[in-house]
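Worksheet: one structure, shown below.
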Amino acid sequence: MNLKLHIVTFDVPYPPNYGGVIDVFYKIKALHHLGVKIILHTYNYGRGEQKELNTYCEQVIYYKRSSFLSIFSIKPFIVKTRDSAKLITNLKKDNAPILFEGIHTTFPIIDSNFSNRKILVRTHNIEHFYYAGLAKSEKNIFKKLFFNFEAKKLKFYEKIIHKVDIVLTISPSEQKYFIKKFGKKSKYIPVFHENNEIKNISETGKYALYHGDLRVADNLKAVKYLISIFKKITYPLRIASSFKNEELIETIKNIPNISFVFLDYQNQNHLKELFKNAHLNVLPTFQQTGIKLKLINALYNSRFCVVNTKMVAETNLESLCEVAIDKKEFLRKINDCIVKKYTQKEVLKRTKKLIDFETNTNAKKIIALL
């Protein structure tokens, strides 16, 4: 294949250790294996230059985000801090298609003319909904104000999508939103991930597992919700994160069945081992945005999933989970799952249902659009 593609990413997509970059990295990897020649443009603000990306890309160019003063711009902070003239110059060196990962990276199309080539945007969220949700979960008054202002700016800025040819949406609910606003240019391409098959593991595990970035307000709120539930039972809960929240660790130190596990993302097998030994994954969320990769990974690699309605609303994954509407039902579902056996029947059910999330197939869909 002699297809060349520029991909502009909001963050360095390696290591693939949080939701957004997981989708980006495994998309790059799948497109590369199908013969696409990728020029990667990526913003580095702490993750460093990553040699692994050279394996899948013809060229990797790193850019710096602009200063914190961008907070005073009328443009969204996540966009304004990625306003690189160098990026625009590099994109104009040829006429290959451009895939902008997230509305974050779309600054080049505000004023520059790319009308002679195919322009795509991957929407990782309905961003103004996402930031409004962050504001609701946030306790810090300054962060709450920032998230609210950012949500308003993003709602206004979203019209930039009129300038692109194709919007690659990440979930059925977001496809419904974007097709209503922007029409047939919206195409649903499910999230990319590393999993190839449902893991055929033993019938029982040892504990309940929650994993997530505890710097994110919604995840911290979810953990506090789970602590209030697991204090009422003796079944063990493990909370895994690569960020040590000292307040949380202090909260659980005298609760014998709840423990914190520091998640070593340098060890690619650490989370997989936690999945393998978990009998149930407890995954509440208070933001109904996109597809949660933590749920996809749990469904591929672990046993039962107990979730609340916002985790699975309009995802088509409801039938693969135990869904609870409140704390009382969440506790009942946990107790039900504790005594259940994870059987081959469940493996087959997931294999059939998760076929839409097959990474190679979805990469071919993107190539067809190019």
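The values are calculated or read from the model by the stated rules, or taken from the named source; none is laboratory data. This is a predicted model, so every value here is computed, not measured. Here the Cβ positions follow ideal geometry from the backbone for every residue, glycine too, while neighbour counts run over all protein chains shown.
What the table below lists for this structure:
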quantity: Within segment 331-370, considering residues that are within 19 Å of Ser202 (Cα to Cα) and free of Cβ contacts under 8 Å to residues at least 60 places away in the same chain, the one surrounded by the most Cβ atoms within 10 Å (Cβ to Cβ); calculated: Cys337
quantity: Filter result (under 25 Å from the mean Cα position of the chain (by Cα) and assigned to a loop (DSSP other than H, G, I, E, B)) within segment 225-250; calculated: Ser242, Phe243, Lys244, Asn245
quantity: Test: residue in segment 21-31 that is at pLDDT below 95, farther than 29 Å from Thr361 by Cβ and surrounded by 15 or more Cβ atoms within 10 Å (Cβ to Cβ); calculated: no
quantity: Residue check for Leu87: of a type in the set (A, V, I, L, M, F, W, C), assigned by TED's automatic domain parsing to the domain that holds Leu168 and touching a His at 6+ places or on another chain (Cβ under 9 Å); calculated: yes
quantity: Hey, Lys184 surrounded by fewer than 17 Cβ atoms within 10 Å (Cβ to Cβ), outside the structural domain of Arg122 (by TED's automatic domain parsing) and out of contact with any helix residue (DSSP H, G or I) (no Cβ under 7 Å at 6 or more places or on another chain) or not; calculated: no
quantity: Test for Ala363: is it touching a helix residue (DSSP H, G or I) at 6+ places or on another chain (Cβ under 7 Å), over 30 Å from His32 (Cα atoms) and among the small types (Gly, Ala, Ser); calculated: no
quantity: Segment 307-330: number of residues that are in contact (Cβ under 8 Å) with a residue 60 or more places away in the chain and of a type in the set (A, V, I, L, M); calculated: 1
quantity: Matching residues, segment 126-150, being among the basic types (Lys, Arg) and in a loop (DSSP other than H, G, I, E, B); calculated: Lys139
quantity: Members of segment 198-215 found to be in a loop (DSSP other than H, G, I, E, B) and in contact with a helix residue (DSSP H, G or I) (Cβ under 8 Å, 6 or more places away or on another chain), listed by number; calculated: Ile198, Lys199, Asn200, Ile201, Gly205, Lys206, Gly212, Asp213, Leu214
quantity: Number of the condition not met by Phe262 [criteria: (1) under 23 Å from the mean Cα position of the chain (by Cα); (2) buried (at least 16 other Cβ atoms within 10 Å of the Cβ)]; calculated: (2)
quantity: Qualifying position, being modelled with pLDDT of 95 or more and either not assigned by TED's automatic domain parsing to the domain that holds Phe330 or not hydroxyl-bearing (Ser, Thr, Tyr) (or both), among Leu209, Leu134; calculated: Leu209
quantity: Test: Asn245 is surrounded by 15 or more Cβ atoms within 10 Å (Cβ to Cβ), closer than 18 Å to Ile296 by Cβ, at pLDDT below 95 and assigned by TED's automatic domain parsing to the domain that holds Leu295; calculated: no
quantity: All positions within segment 110-124 that are surrounded by fewer than 21 Cβ atoms within 10 Å (Cβ to Cβ) and either touching a residue at least 60 places away in the same chain (Cβ under 8 Å) or part of a helix (DSSP H, G or I) (or both); calculated: Ile110, Asp111, Lys118
quantity: Given (1) within 30 Å of Asn148 (Cβ to Cβ); (2) within 20 Å of the chain's Cα centre (by Cα), number of the condition His41 does not satisfy; calculated: (1)
quantity: Matching option when the condition is assigned by TED's automatic domain parsing to the domain that holds Ile179, of a type in the set (A, V, I, L, M) and touching a residue at least 12 places away in the same chain (Cβ under 8 Å), among Ile227, Ile252, Ile189; calculated: Ile189
